[in-house]
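> Please find one structure pasted underneath; my questions will follow.
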Amino acid sequence: MKITVVGAGAVGATCADNIARKELAEELILLDIREGFAEGKAIDMMQTSALLGFDTKIKGVTNDYAATADSEVVVITSGLPRKPGMTREELIGTNANIVKSVTENILKYSPNTIIIVVSNPMDTMNYLTLKTSGLPKNRILGMGGALDSARFKYYLSQELGCSPADLNAVVIGGHGDTTMIPLINHATWNSIPVTQLLSKEQQDKVVAATMVGGATLTKLIGTSAWYAPGAGTAAMVESIVRDEKKLISCGVALDGEYGQKDISLVVPVILGKGGFEKILDFKLSDAEQAEFNKSADAVRNMNQVLVDTGVI
Ligand SMILES: NC(=O)c1ccc[n+]([C@@H]2O[C@H](COP(=O)([O-])OP(=O)(O)OC[C@H]3O[C@@H](n4cnc5c(N)ncnc54)[C@H](O)[C@@H]3O)[C@@H](O)[C@H]2O)c1
Ligand SMILES: O=C(O)C[C@H](O)C(=O)O
């Protein structure tokens, strides 16, 4: 198994670290545009292998796409992160061209790969990959729901005083401060609906904290988060390469599912060796569907920017 991570910055390096520790690949290529940067990060990680006991061989390269040839999974994290006070959507001007050129280069050497898009604004960057790569839609996934659902579980666990591992809780919609939809009415603790365990005030607090989870960390850190994003991406990689068929909410192309078409939005999917194998229908209430449609409108407006600026 060979995996490539493009972008050796905070998220890319953390994702690579998780992939290596879990030995999800024999060979892991870390690629960055900054001279020597990926090489240095790869050597640093390789120097943990004697301590941590993994066998994955990590190699860093500067813009050398030939080294990525025949990767079965490629994670794209290249691009600017937001700064405090910014929205993810403000990154589109720089990141769209980066994601487009990275995708083109990757496909020259790994034409049948599975791509996981992390760069923001993720819903639109994933749509860009869908429109430009020519890959079957099952092989193009956006990372956002894995992270947002983990944050949702974290905030629920704080309120419930329970283990996040005992929770089932899913976020759908867009990966944006106002477009994500934590499905509180579907969340359970050991099969008990959390709505039976938390007051309405507590539920609203958890939902609000989840939605601005990324912005909260960006304000505290000065740049956006990387530990949970790196782990969320590695969890997707793991379900794919080990064919685990886990239910993880991911950005995927919708073709009528959840009432939407010609868009990438986050919905619950089954992830296995071919990418996403199935989109789960969570049977949304009328209110949840209305929220989903509102998110779709906002994401569609961002996607239109790609057309207006000639990126697609
Ligand atoms: N989808 C999510 O849930 C999620 C979570 C966290 C971060 N992100 C996004 O991921 C991206 C990366 O975040 P980060 O914190 O790692 O940023 P970072 O600045 O630490 O790293 C980005 C890296 O991309 C590299 N890069 C830029 N252009 C490139 C190109 N053309 N080819 C190869 N490498 C290139 C840079 O040199 C840099 O090392 C941002 O867009 C951020 O918003 C998304
Ligand atoms: O918040 C960000 O801009 C980065 C990422 O999308 C996140 O949710 O952590």
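Derivation of every value follows stated rules applied to the coordinates shown; laboratory data play no part. Everything quoted here is computed from the prediction, not taken from an experiment. Don't worry about glycine lacking a Cβ; one is built from the backbone with ideal geometry, like all the others, and counts go over all protein chains shown.
> Mind checking which aspartates and glutamates have their Cα closer than 19 Å to the Cα of K22? Skip sequence neighbours fewer than 8 apart in that chain.
By straight Cα distance, K22 reaches D44, D55, E72, E238, D243, E244.
> Continuing with this model, one more query. How large is the dipole of the chain about the Cα centre if only Lys and Arg carry +1 and Asp and Glu carry -1, each at its Cβ, rounded to the nearest 20 debye?
Numbers: 29 positive and 35 negative charges, 19 e Å.
Around 100 debye, computed over the chain.
> Kindly write out, for the range 30-41 in residue order, the coupling ³J(HN,Hα) from the Karplus curve 6.51 cos²θ - 1.76 cosθ + 1.60 (θ = phi - 60°), rounded to whole Hz, with x marking Gly and Pro.
Listing the rounded values in order: 10, 10, 9, 7, 7, 3, x, 5, 5, 4, x, 5 Hz.
> Can you run phi through the Karplus equation (6.51, -1.76, 1.60; θ = phi - 60°) for the range 57-71 and list ³J(HN,Hα) in whole Hz, with x for Gly and Pro?
Each residue of the range 57-71 in turn: 9, 9, 10, x, 9, 9, 6, 8, 6, 4, 5, 8, 3, 6, 6 Hz.
> Could you tally the net charge around L156, taking each other residue with its Cβ under 12 Å from the Cβ of L156, Lys/Arg +1 and Asp/Glu -1?
Neighbour charge sum, excluding L156 itself: +1.
> Now for a separate question. If a/c stays under 1.5 just call it rounded; otherwise compare a/b with b/c (prolate if a/b is bigger, oblate if not). Do that for the range 144-309, with a ≥ b ≥ c from the square roots of the Cα gyration tensor eigenvalues.
In terms of gyration-tensor shape, rounded.
> Hey, what angle do you get for helix 122-133 against the long axis of the chain, alpha-carbon based, 0 to 90 degrees rounded to 10?
50 degrees
> Tell me the angle of helix 92-109 to the major Cα principal axis of the chain, expressed in degrees between 0 and 90 and rounded to the nearest ten.
Between the helix axis and the principal axis of the chain, the angle is about 50 degrees.
> State the answer as a single residue: which of A66, S133, T14 lies farthest towards the positive end of the charge dipole of the range 2-143, with beta carbon charges of +1 for Lys and Arg and -1 for Asp and Glu, about the Cα centre.
Of the candidates, S133 comes out farthest on the positive side.
> Now for a different question. Using the Cα gyration tensor of the chain, with a ≥ b ≥ c the square roots of its eigenvalues, what is the shape: rounded (a/c below 1.5), prolate (a/b larger than b/c) or oblate (neither)?
Numbers: a/c = 1.62, a/b = 1.32, b/c = 1.23.
Verdict is prolate for the chain.
> Counting only DSSP beta bridges with both residues in the chain, what percent are antiparallel, rounded to the nearest 5? Please report the intermediate quantities before stating the final value.
Values: 23 of 45 bridges.
Counting DSSP beta bridges with both partners in the chain, the antiparallel share is about 50 percent.
> Order these peptides, 108-119, 136-147, by their mean beta-carbon neighbour count within 10 angstrom, highest first.
So the peptides 108-119, 136-147, ranked by packing, come out 136-147, 108-119.
> Given the peptides 43-52, 30-39, arrange them by the average over their residues of other C-beta atoms within 10 Å, most packed first.
The densest-packed peptide leads the list: 30-39, 43-52.
> Measure out, as a whole number of angstrom, how far apart the alpha-carbon centroids of the range 110-169 and the range 171-215 sit.
The distance from the Cα centre of the range 110-169 to that of the range 171-215 comes to 16 Å.
> Relative to the longest principal axis of the C-alpha atoms of the chain, give the angle of the C-alpha long axis of helix 145-160, reported between 0 and 90° and rounded to the nearest 10°.
50 degrees
> Starting from the Cα of K100, draw a straight line to each of the lysines and keep only those under 28 Å, dropping any in the same chain fewer than 8 residues away.
Hits, sequence-local ones excluded: K2, K41, K57, K59, K83, K108, K131, K137, K261, K273, K278, K294.
> Calculated from DSSP H runs of 4 or more alone, at -39500 (n - 2.57) each and per residue, what is the 222 nm mean residue ellipticity of the chain, nearest 500?
Calculated at 222 nm, the ellipticity per residue is -13500 deg cm²/dmol.
> Using 7 Å Cα-to-Cβ label points, what is the N190/N293 separation (nm, one decimal)?
With each label point 7 Å from Cα toward Cβ, the separation is 4.0 nm.
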